[in-house]
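The values are calculated or read from the model by the stated rules, or taken from the named source; none is laboratory data. All figures in this text were calculated on a predicted structure; none of them were measured in a lab. Note that each Cβ is placed from the backbone with ideal geometry, even for glycine, and that neighbours are counted across all protein chains shown. What goes into the accessible areas is simple: the full protein's heavy atoms, side chains included, and nothing from ligands, DNA or RNA. Shrake-Rupley method; radii C 1.70, N 1.55, O 1.52, S 1.80 Å.
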Amino acid sequence: MAAKGTVVIDKERCKGCGVCIVACPKSVLALAKNVNGKGYNYSEAVVDECIGCASCAMVCPDGVITVYKAK
Amino acid sequence: MAKELKLMKGNEAIAEAAIRSGCDGYFGYPITPQSEVMEHLMAEKPWEKTGMVVLQAESETSSINMVYGGAGVGKKVMTSSSSPGISLMQEGLTYLAGAELPAIVVNVVRGGPGLGTIQPSQADYFQATKGGGHGDYQLFVLAPATVQEMYDFVFLGWEIAFKYRNPVMILSDGAIGQVMEKLYVGDYVPRWTDEELRKNAPWASFGKPTDRKHHIITSLELDSAKQELHNHKLQAKYREMEEKEVRFEAINCDDADYIFVAYGSSARIAEKAMQLGKEKGYKIGILRLITLFPFPKKKIAELSTKVKGMLAVEMSAGQMVEDVRLAAEFRCPIEHYGRYGGIIHTPQEVLEALEEKIIKRK
Amino acid sequence: MFNQDIVKPENLVYKRTEVLTDNVMHYCPGCGHGTTHRIIAEVIEEMGIQDKAICVAPVGCSVLAYNYFEVDSLGAAHGRAPALATAIQRLNPDKHTFTYQGDGDLAAIGTAETIHACNRGENIVIIFINNGIYGMTGGQMAPTTLVGMKTATTPYGRNVELNGYPLQITELLAQLPGTYLVTRQSVHTAAAVRKTKKAIRQAFENQKNKKGTSFVEVVSNCNSGWKMPATKANEWMVENMFAKYPIGDIKVDGELVQK
């Protein structure tokens, strides 16, 4: 299935709590092996399955996720 | 300004002044001997005349925090209470001072400690002038001696409170609160419009317009370097008050041998004692303090070089006398006299105390 | 990064609201405070009331809430937020004054202010975060701490003989005639966040219509205080907190919801 959505994650503001990973219905997200400036393993998209549902953004406490969906 | 003559209790004069000075909100809790303040307000229904809000809170803790809220959005807000209630308000007062909020708090002092009595006292001097709550701060403290001053000092209080962004305490006592005297009241000063509020309290959190960042009213600063700077600023403000805002009344002080230093009810009693003393040939003057903070240090220092002694007359075990001694730097004998716990001294007692403690001093 | 080509303004589904400031929130990773802040800010943006909103921040973890809302704010003394809000809203009946308080602030030290503001039916919005612990001071017992729950001051678990029972203050407030909306929500899943946001929207709409007090409890997590990772904390919350603090409306349009 062709992906219809995508997420842009402000990785420097991400605290790597992983709440978005659990919230994603398509298991698109995972914590990066790298860390950001604050030492957190930030969240990133690892699978091209995003449907642009914004569930991840909904649960993100720090509002670091921007979501796009192809019309 | 048109003046109208009225006969009122001191407490009622406070309420009347609130309405006529354009006060936006009064928040209080009943306590003897000041309950007439809110009773008068509720009977007058100022919300119909000026739009002023009057609310009976669930406690003094709550009423002082209502004042904090109203002051934080730039409104002219006030509360009143008596000693035990003012003790409950100390938290709110230090927050108001820390956040630099203008407000008027009236203390119609009664005898303590604890629940104490409901009779007049001046034993809250330390609490009013030395902080009372935690941290380095000062209230601006006005001490009315008449019903007229109860009224006038509400108007003066707004001026000072907004000029310095600092809470003002009107430190009265149960005698002035309860006594009925004539007083002149003036025309109604309108409450501020929104535009006037924005001009007079531009720092307030009245709702963020699109052309500026949000305002934050707080007394919290987790960075201690910034907190110290903030405290420097507060101290500079208090020094400016000491420079510019000291108020007192010097009666017959120019050629006096002895001085009564007093404020509020005690100053009125001292005035009678001065007359009694004159009949006995004593040259007595009175320094009646109007501002307790800022304290008239310079005037007391000046007098201390000219007179044979001073008697601090106050209805307490001796509180203001400490400030008099500090200001006079022991250049003349300074003693204290006062009844306390709700008893008011008589003029005869005051004169006898002057004779015993100062005039006949070995 | 996948599908870079669809990152275009016309494809935008979700972005951070500008009613939040750019400050990075001080909350621990995964803390429900951040999510709740975000949706309050979104409601303010959607209703176009940024110029009328006045936030009263508490003492506790969310003491610095005013750093995150791009609205005029006041920091209250511990527990006194409803007293501040009472005065602010009465003096400005067309503004949108809201308090944001934790369980210690609202249900322990501020119980009197909370109950009396609600009982007077003050036209304010109260957002109540209940995570059953004092986060800011290092994880001590809160009034809402569950029986048996370990905290820094109940190291052997909350014992009712020693500590009394968890306080269901929300149910208590629903009994007061002054409250118009009383609801308990959470922010641990996307669906829950949407429901909570709807409840907060309703609260502000009620305020606009001068209906009295609207009270939204958010049962939340405290990863640090509970000593577990964020996602585990959310699971623990569903299993344990929801049993004592069931999610759902308690009072709607001034009427208690029949269970």
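Observations on the model:
- Number of positions in segment C:17-28 that are open to solvent by less than 40 Å² (accessible area, probe 1.4 Å) and facing another protein chain (nearest Cβ under 7 Å): 3
- The requirement of being in contact (Cβ under 8 Å) with a residue 24 or more places away in the chain, buried (at least 16 other Cβ atoms within 10 Å of the Cβ), over 16 Å from the mean Cα position of the chain (by Cα) and away from chain A (no Cβ under 14 Å) is fulfilled nowhere in segment C:182-205; no residue meets it.
- Test result for C:T35, β-branched (V, I, T), under 30 Å from B:S59 (Cα atoms) and either assigned to a helix (DSSP H, G or I) or more than 12 Å from chain A (Cβ to nearest Cβ) (or both): no
- When restricted to residues that are open to solvent by 10 Å² or more (accessible area, probe 1.4 Å), assigned to a helix (DSSP H, G or I) and either in contact with a Gly (Cβ under 7 Å, 6 or more places away or on another chain) or farther than 26 Å from B:L115 by Cα (or both), segment B:1-37 contains 1.
- Looking only at segment B:53-93, and only at residues there that are β-branched (V, I, T) and open to solvent by 10 Å² or more (accessible area, probe 1.4 Å), the one that is nearest to the other protein chains (Cβ to nearest Cβ): B:V53
- Which numbered condition B:G111 misses (of (1) buried (at least 21 other Cβ atoms within 10 Å of the Cβ); (2) within 19 Å of C:A83 (Cβ to Cβ); (3) out of contact with any Leu (no Cβ under 8 Å at 6 or more places or on another chain)): (2)
- Qualifying positions in segment B:335-362 - open to solvent by less than 40 Å² (accessible area, probe 1.4 Å) and of a type in the set (V, I, T): B:V350, B:I358
- Taking the criterion of being surrounded by fewer than 19 Cβ atoms within 10 Å (Cβ to Cβ), of a type in the set (A, V, I, L, M, F, W, C) and not in a helix (DSSP H, G or I), the only residue of segment C:213-238 that qualifies is C:M228.
- In the set A:K71, A:K11, only one residue is within 9 Å of chain C (Cβ to nearest Cβ) and either touching a helix residue (DSSP H, G or I) at 6+ places or on another chain (Cβ under 9 Å) or in contact (Cβ under 8 Å) with a residue 12 or more places away in the chain (or both); that residue is A:K71.
- Of all the residues in segment C:38-60, those that are more than 8 Å from every other protein chain (Cβ to nearest Cβ) and among the charged types (D, E, K, R) number 3.
- Checking B:Q138 against (1) surrounded by fewer than 17 Cβ atoms within 10 Å (Cβ to Cβ); (2) outside any helix (DSSP H, G or I), the condition it does not meet: (1)
- Restricting C:V71, C:V63 to residues that are out of contact with any Lys or Arg (no Cβ under 9 Å at 6 or more places or on another chain), away from chain A (no Cβ under 14 Å) and closer than 29 Å to B:G92 by Cα narrows the list to C:V63.
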